[in-house]
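A short write-up of the structure that comes next.
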Amino acid sequence: MAVQGILHSYVPDLVAFEFTDQKTPPAPNVLVFIGGLSDGLLTVPYLQQLANGLETVNSTLGNWCLVQTLISSSYNGWTSGSLERDVKELKKLVQYLRSEAGGSRRKIVLMGHSTGCQDTMEYLTKICSHEEVSEDSILDGAILQAPVSDREAMEMFKGTQVTQELIEECKRDFLEKGRQNEMLPPKFSFFDTQLTAYRFHSLAAPGGDDDYFSSDLTYEDHRKTFGIVNTPLLVLYGAKDECVPKSVDREALVKLWEASTNPYYWSPLSKVLQGATHNVGPGSDPGAVDDLVATVTKFVESLH
């Protein structure tokens, strides 16, 4: 599949791809997409349909377009990365898009998929909610698509007991000895990929830096994250997401997040997306991608 667009080099060694036929002026409003672990350019299957849907948005603010960013954590870069590094790079992209060189964009929405949702929450809670955030760094909206718990997914794939033993070994033999940046042996691998001691613990351990969405987190836990969000937020959780334990009540989990969020910022369009797998790709019910695209376009249309 050939895809037309513009490749932006927003800082040295980092690029972002704008879906556009280049026949029309740059859209003044942008949906920035950030993928999950191991994702890269166009690896999430619904992106072209989403780009097409955004082009149809009838907004008083002007046209919209889709931009997919590649950061240091894209593809296999996540194995030695962190949410902190991701957000620093995403902030540079937002600032670039606000600048004249990046098209002087008016509205910017960040949409995370899978662990891209952790990046999105990190941006909302560490940058947007900060009192001294600069005007060119703020977001006008945020979307979480497939905001699943990496530690619960790891327990599904490795087994709870094995995962707990690996966490303890990681802490004892690496983190407590200052070896957090060393690559762990293959038995610690996630998605058949070796990763650093820091990133393994961040993904696998309760309370790790990546632990935003686990089903055993409480209302009080979420008040420290969802509760400080001050940006319009849309949540789309897949009813058939294969990375979620069967024991998780998806509807109840989304309602808990809603209860933890300021209602002024929680989008009423948020829902469990019926028939949707993790990336709304193969295995999803007919119409699941159409539902995703329609909901996202309604959300950006609602922004003022």
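The values are calculated or read from the model by the stated rules, or taken from the named source; none is laboratory data. Source: prediction; values computed, not measured. Cβ atoms come from the backbone with ideal geometry, glycine included; neighbour counts cover every protein chain shown. Just so you know, the surface numbers come from the protein's heavy atoms only, side chains and all, with ligands and any DNA or RNA stripped out. Shrake-Rupley method; radii C 1.70, N 1.55, O 1.52, S 1.80 Å.
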Volume per residue (Å³) of the convex hull spanned by the alpha carbons of the chain is 137
Give the aspartates and glutamates whose C-alpha is closer than 16 Å to that of LYS88, dropping any in the same chain fewer than 8 places away, or say none.
ASP13, ASP119, GLU122, GLU132, GLU135, ASP136, ASP209, ASP210
Using only the alpha-carbon atoms, how far is helix 83-98 inclined from the longest principal axis of the chain? Give it as 0 to 90 degrees, nearest 10.
10
Surrounding net charge for THR56, when Lys and Arg each add one and Asp and Glu each subtract one, Cβ distance under 13 Å
-2
Distance from the stretch 23-74 to the stretch 266-301 (C-alpha centre basis), Å:
15
Could you give me the radius of gyration and the Dmax of the stretch 153-204, taking only the C-alpha atoms into account and expressing both in angstrom?
10.0, 29
Give the aspartates and glutamates reachable from LYS298 as a straight Cα distance under 16 Å; neighbours fewer than 8 places away on the same chain don't count.
GLU55, ASP140, ASP290
Which value, in Å², gives the accessible area per residue of the stretch 100-163 when a 1.4 Å probe is used on the protein heavy atoms?
35
Determine the sum of side-chain charges near SER104: Lys and Arg each +1, Asp and Glu each -1, restricted to other residues whose C-beta is under 12 angstrom from that of SER104.
+2
Any idea how many Lys pairs in the stretch 118-223 come in under 23 angstrom at the alpha carbon, given 8 or more places apart or on separate chains?
4
Find out how many positive minus negative residues lie around GLU152, taking Lys and Arg as positive, Asp and Glu as negative, among other residues whose Cβ is under 10 Å from that of GLU152.
-3
What are the residues whose amide H is under 5 Å from the amide H of MET111, where those residues sit 5 or more places off or on another chain and H is modelled from the backbone?
VAL32, PHE33, ILE34, ILE143
What are the equivalent ellipsoid semi-axes of the stretch 1-143, built from the alpha-carbon gyration tensor (square roots of five times its eigenvalues), in whole angstrom, biggest first?
22, 19, 14
Rounded to the nearest 500, what is the chain's calculated 222 nm mean residue ellipticity when only DSSP H runs of at least 4 contribute -39500 (n - 2.57) each, over all residues?
-9500 deg cm²/dmol
